[in-house]
1. What average number of partner chain Cβ atoms lie no more than 10 Å from the Cβ of the residues making up C:37-44?
2. For segment A:80-177, calculate the relative contact order in percent as a whole number, restricting contacts to Cα pairs under 8 Å that are 6 or more residues apart.
3. Hey, what number do you get for chain A at 222 nm if only DSSP H runs of n ≥ 4 count, each worth -39500 (n - 2.57), divided across all residues, to the nearest 500?
4. Considering protein heavy atoms only and a 1.4 Å probe radius, which residues within segment B:70-91 exhibit an accessible-area decrease of no less than 50 Å² in the full assembly relative to the chain by itself?
5. Report, as an integer, the average count of C-beta atoms from other chains found within 10 Å of each Cβ along B:19-29.
6. So if we plug the beta-carbon distance of B:HIS134 and D:GLU71 into 1/(1 + (r/R0)^6) with R0 = 41 Å, what FRET efficiency do we get, rounded to 0.05?
7. Going by amide H atoms built from the backbone, whose H comes under 5 Å of the H on D:LEU138, apart from near neighbours?
8. Shielding of C:47-59 by partners, i.e. mean partner chain Cβ atoms within 10 Å per residue?
Number of protein chains: 4
Amino acid sequence: VDKTRLEAFSDGVFAIAITLLVLDLHVPEVGTGSLAHALLRQWPADASYVISFLTIGIIWVNHHNLLRHLERADRGLLFLNVFLLMAVAVIPYPTALVSHYARTPNATAAAVAYGSVMVFMALMFNAIWHHARHSGLLAPGADPREVSGITRSYLPGPLLYLTGTLAAFVNSSASLLIFAAIALFYVASSSLWGRREPV
Amino acid sequence: VDKTRLEAFSDGVFAIAITLLVLDLHVPEVGTGSLAHALLRQWPADASYVISFLTIGIIWVNHHNLLRHLERADRGLLFLNVFLLMAVAVIPYPTALVSHYARTPNATAAAVAYGSVMVFMALMFNAIWHHARHSGLLAPGADPREVSGITRSYLPGPLLYLTGTLAAFVNSSASLLIFAAIALFYVASSSLWGRREPV
Amino acid sequence: VDKTRLEAFSDGVFAIAITLLVLDLHVPEVGTGSLAHALLRQWPADASYVISFLTIGIIWVNHHNLLRHLERADRGLLFLNVFLLMAVAVIPYPTALVSHYARTPNATAAAVAYGSVMVFMALMFNAIWHHARHSGLLAPGADPREVSGITRSYLPGPLLYLTGTLAAFVNSSASLLIFAAIALFYVASSSLWGRREPV
Amino acid sequence: VDKTRLEAFSDGVFAIAITLLVLDLHVPEVGTGSLAHALLRQWPADASYVISFLTIGIIWVNHHNLLRHLERADRGLLFLNVFLLMAVAVIPYPTALVSHYARTPNATAAAVAYGSVMVFMALMFNAIWHHARHSGLLAPGADPREVSGITRSYLPGPLLYLTGTLAAFVNSSASLLIFAAIALFYVASSSLWGRREPV
């Protein structure tokens with residue numbers, strides 16, 4: 001398989017999942033009450049929107065970078081990619097859970113649901129990359145340092161997200177802070193190992 | 001017609017239909033009850049999401065593979081493809097029916113609705129492939145063994161899905177298991193006849 | 001402007017509008033009543049889905065065919081195309097109106113809303129084609145017979161849809177039949193003037 | 001990074017955001033009352049749909065024009081673009097607020113929410129353009145007059161939208177008129193500095 005339709009389909013799913021996040025923002029029914037106060041009180045929903053949008057945006061940049069190193073795809077990669085997209089596409093749902101149950105006793109369950117999706121997503125990134133390296137799908141001219149940089153960057157992902165998920169049982173706000181920190185880690189890490197190349 | 005916009009439009013519909021499945025997952029209203037229990041109780045909705053996501057993913061891989069063997073499209077193919085996309089795009093609806101009415105006396109009607117869409121979808125795959133072969137749309141260099149492999153792989157589809165649909169009148173869970181088995185059959189079958197080629 | 005991103009953006013809007021139609025199909029709440037009966041009773045919603053899906057599919061085929069004759073786009077074409085897409089993207093809304101108010105005294109108002117969108121859409125097709133012809137955007141090798149065939153095919157569109165719209169004041173079902181007949185006219189007409197070419 | 005996937009992803013988000021606007025149009029529940037009157041009474045929702053559709057359409061044309069002058073993208077541009085898309089994708093939400101609270105005492109808060117998104121969006125356009133110019137991402141053959149034309153055209157954007165936002169505290173209708181005027185300004189301005197080139 002050449003990569004063109006794989007990229008087109010993936011980009012479509014990323015673009016739709018990231019855009020559907022706006023459906024989690026509801027017009028508050030205040031009647032003649034104050035809309036301004038209602039909008040300010042719903043800051044957890046706004047924060048969820050921003051964090052999830054950035055997270056999907058970062059996943060897209062990483063996916064983009066991963067595929068750039070491949071010369072071609074095979075059927076196994078197509079199916080692993082479908083599983084990755086399944087996790088990406090469902091992100092608006094745990095986002096809605098977190099935004100709805102923030103500051104309630106159920107915030108822990110919502111954060112665990114969010115974190116579980118992220119653990120699965122990080123596992124799929126590792127599976128795709130592992131499959132690509134061991135099935136000869138990498139482009140011949142791929143820089144070995146970049147390749148091992150990606151490997152090193154993906155490996156801690158599942159463990160990091162698992163830590164954030166388990167932290168929810170202690171403190172659900174700490175859990176969300178860890179998820180935000182992981183996102184920042186991936187921005188920084190991708191900037192470090194991506195420095196020498198024009199992407 | 002060259003195939004580029006046909007692929008772009010189809011990929012768009014596939015990407016959106018597969019991503020809209022998340023809208024069938026609703027934030028449960030538990031107030032101060034247990035969100036964890038509510039999430040566990042809604043496993044039929046989660047299972048429907050996973051099965052439908054994989055099914056649309058498999059249909060996409062098959063569609064991708066079908067178009068790969070075509071050199072060009074004609075107007076008839078465009079319209080047959082619109083009918084196929086009509087079935088793909090509606091999948092989130094019978095998925096919602098199944099997920100809503102699982103474990104109720106209405107599970108049979110929901111499974112029949114789901115199966116009917118699948119029968120129609122399988123018929124359209126056969127119609128597109130039949131049209132492409134008999135209107136000279138295949139690429140000149142298409143491997144005859146692959147072409148007949150696709151033909152053989154599509155032919156039983158409508159009958160298989162009809163069997164699953166009729167099984168719903170006996171037992172709706174058996175029906176859903178058959179739908180899952182058909183999906184696995186197509187993954188395996190596409191791996192078998194697709195083995196010798198680099199896709 | 002080269003046409004690539006214009007096509008990509010348009011295909012995206014077409015793909016999304018056609019896929020959003022499924023959101024007009026609602027899971028009926030029947031409790032322990034009969035889901036089968038409820039599904040059969042909602043045939044107007046199913047018929048609306050099919051007609052609107054085919055209509056957007058036909059519009060996409062026509063849009064595809066129109067752009068194929070252009071060599072390039074200019075800013076005026078981009079903006080006229082945005083207006084055309086505005087009509088296409090709103091189609092799910094009058095479709096929902098028709099499907100909700102069929103067989104009620106309000107069916108006339110719903111059919112008029114549907115028809116008005118179609119009149120506007122047909123006007124935009126004429127405006128785009130007129131602009132393309134008179135601003136030198138056509139491909140140099142465009143077949144004059146095909147070009148005038150498209151012109152002749154677009155011209156009656158607004159009048160035909162206006163007739164269907166006005167018919168709603170007499171009989172809303174007749175109005176919907178006229179809309180379906182216009183769709184068939186465009187399928188047939190595009191087959192006639194498109195016969196000699198490989199598209 | 002070559003620009004292809006950046007354009008594909010951005011076009012996807014633009015296409016979806018612009019198409020999701022239709023979800024802000026609700027089928028009015030009039031029972032046996034008059035649907036025609038209900039549709040006429042909801043003209044603020046219709047006007048919001050048209051203005052937001054045109055606004056996103058204009059942003060898309062500008063984004064298209066901006067990327068046309070770039071030779072390549074870097075990681076910083078990808079992330080700045082994600083922030084721009086975040087503003088574009090959220091537009092359906094403040095549009096729904098404005099359409100819901102027009103002609104109520106809360107119209108001011110809704111207009112401020114709408115304007116704040118627009119200010120952020122205009123800031124992101126400036127940030128992307130500034131980054132592209134100072135990181136050597138412009139195409140070597142870019143016409144200096146066009147480049148400085150774009151710079152001059154983007155600079156007043158944040159201030160213009162801020163003015164419209166602050167005007168909401170005096171009169172929310174004036175605020176919406178200013179937003180519509182800014183859109184027209186960008187259509188005219190892009191026509192002026194874009195006149196000599198074939199786009």
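The values are calculated or read from the model by the stated rules, or taken from the named source; none is laboratory data. What you are looking at is a predicted structure, and each value in this text was computed from that prediction instead of being measured. When we count neighbours, we look across all protein chains shown, and the Cβ atoms used for this are built from the backbone with ideal geometry, even at glycine. Accessible surface areas use protein heavy atoms only, side chains included; no ligands, DNA or RNA. Shrake-Rupley method; radii C 1.70, N 1.55, O 1.52, S 1.80 Å.
1. Numbers: counts 1, 2, 7, 1, 0, 0, 0, 0.
So the per-residue partner count for this stretch is 1.
2. On the way: 82 pairs, mean separation 34.1, N = 98.
Relative contact order of segment A:80-177: 35 percent.
3. On the way: 9 runs with 148 residues, N = 199.
It lands at -25000 deg cm²/dmol.
4. B:ARG75, B:LEU78, B:PHE79, B:VAL82, B:MET86, B:ALA89
5. Working: counts 16, 8, 3, 11, 6, 2, 6, 2, 10, 4, 1.
Counting Cβ atoms of other protein chains within 10 Å of each residue's Cβ and averaging gives 6.
6. Values: r = 47 Å, r/R0 = 1.14.
For R0 = 41 Å, the calculated efficiency reads 0.30.
7. D:GLU71
8. On the way: counts 0, 0, 4, 3, 0, 0, 7, 4, 0, 1, 9, 3, 0.
Whole-number average of other-chain Cβ neighbours for C:47-59 is 2.
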